[in-house]
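Visitor: I have a structure here, written as structure tokens, and I will follow up with some questions on it.
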Amino acid sequence: MNFEKIHLQEVDSTNDFIHRLELNEFFAQNKVPVVSADYQTSGKGAGQNTWQSIEKLNLLMSIAINPLIKAKDQFLISKIISLSIVDLLKSYGIESHIKWPNDILVGRKKIAGILIENVVSSDILSQSIIGIGLNTNQIYFDNLPKSISMSFITNITYNLEDVQNKLLEHFEFWYNQIKNADIIDNVYISNLFGTNDFFEYKYKNDFFDAKITNVDEFGRLMLEDRNGAKFVFNFKEVDMIY
Ligand code: BTN
């Protein structure tokens, strides 16, 4: 892939910055813009959340691609970036799992978050902005007891540019598999958190125990409760308590 890297000292959000570029011009030249920053003044998390990160300590980056796959297959992008982060961490000796739909966990703590913003036209995914916040060298997470970083685990201080380059290598590998959805699905499910044990889930005001059996082609979570009853949930419909 022909990555075109842009590094900024400060930006509102790398996702918003990349969105403001003339992406069609990059795509026409087969270039893949990648924007990273030392600091974000309005880092965005999933839903209404913000993404806080101390200056220069963590990887904050966005990649813009034009996958041209069917809109219904768009969750493949989430699988691809999730697997890329899991492989990246593995290359540093860190075991991680994917928490559906957009977190990477080490143990039960979050090491990375993913924010994907898609544009669909005529049933084709024409643009996908993939934002990644990877906790790298930050050791203290005030008021975020469920966060962890690479440095916290290994005691090593990482060069953020090296980490970024490695992540792009893994991303390129998985993105090249995009036509092999079966392979991606199999590896994804085997790296998913919550497939081996029962966890408590909250749906509206109900709590129930369930185990993940799969994530379907639309990215929906498939659960089975202790009685063997099966359920399918869309994003944000259900919360895992962990
Ligand atoms: C989440 O877990 O809620 C998703 C967090 C995504 C954060 C990254 S940091 C780089 C990119 N720019 C943003 O504003 N958000 C994403």
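Taken together, the values in this text are just the output of simple stated rules run on the coordinates, not laboratory data. Predicted, not measured: the structure shown is a model, and the values here were computed from it. Positions of Cβ are backbone-derived with ideal geometry, glycine not excepted, and every protein chain shown enters the neighbour counts.
Visitor: Please give the FRET efficiency for TYR203 paired with ASN143, using the beta carbon to beta carbon distance and R0 = 30 Å, rounded to the nearest 0.05.
Guide: 0.65
Visitor: Turning to a different aspect of this structure: Starting from the Cα of SER122, step 7 Å toward the Cβ, then list every residue of segment 63-77 with an amide N under 17 Å from that point.
Guide: Counting backbone N atoms under 17 Å from the label point, the list is 66-72.
Visitor: Next question. Give, in nm to one decimal, the length gained when the segment between LYS5 and MET222 is fully stretched (0.36 nm per residue of separation minus the Cα-Cα distance).
Guide: 74.4 nm
Visitor: When the Cα centres of segment 201-242 and segment 116-164 are compared, how far apart do they sit, in Å?
Guide: What the calculation gives is 25 Å, centre to centre.
Visitor: Specify, per residue and in Å³, the volume enclosed by the convex hull of the alpha carbon atoms belonging to segment 3-51. Walk me through the intermediate numbers first.
Guide: Details: hull volume 3.8 nm³, N = 49.
For segment 3-51, the hull spanned by Cα atoms encloses 77 Å³ per residue.
Visitor: Follow-up. Averaging sequence separations of C-alpha pairs under 8 Å and six or more residues apart, then dividing by the length of segment 2-94, give the relative contact order as a whole percent.
Guide: This gives 28 percent for segment 2-94.
Visitor: Say R0 is 30 Å: what FRET efficiency, to the nearest 0.05, do ILE241 and TYR92 get from their beta-carbon distance?
Guide: Efficiency at R0 = 30 Å is approximately 0.55.
Visitor: Which whole-number percent is the relative contact order of the chain (Cα, under 8 Å, 6+ apart)?
Guide: This gives 16 percent for the chain.
Visitor: Let me ask something else. Please compute, over every Cα-Cα pair in segment 169-242, the percentage with a separation greater than 16 angstrom.
Guide: Of all Cα-Cα distances in segment 169-242, 54 percent exceed 16 Å.
Visitor: Could you order peptides 99-105, 56-62, 178-184, 159-165 by the average number of other Cβ atoms within 10 Å of their residues, highest first?
Guide: The densest-packed peptide leads the list: 56-62, 99-105, 159-165, 178-184.
Visitor: Once you have the Cα-Cα distance between LYS211 and ILE156, take 0.36 nm times their residue separation minus that, and quote the gain in nm to one decimal.
Guide: 16.3 nm
Visitor: Another question about this same structure. Run the dipole for the chain about the Cα centre, Lys and Arg Cβ at +1, Asp and Glu Cβ at -1, nothing else charged, and hand back the magnitude in debye, nearest 20.
Guide: Taking the Cα centre of the chain as origin, the dipole is about 340 debye.
Visitor: How large is the Kirkwood hydrodynamic radius of the chain, in angstrom, based on all distinct alpha carbon pairs?
Guide: Working: mean 1/r = 0.0541 Å⁻¹.
After inverting the pairwise mean of 1/r, the radius is 18.5 Å.
Visitor: Using the Cα gyration tensor of segment 118-204, with a ≥ b ≥ c the square roots of its eigenvalues, what is the shape: rounded (a/c below 1.5), prolate (a/b larger than b/c) or oblate (neither)?
Guide: Because a/c hits 1.5 or more and a/b fails to exceed b/c, segment 118-204 counts as oblate.
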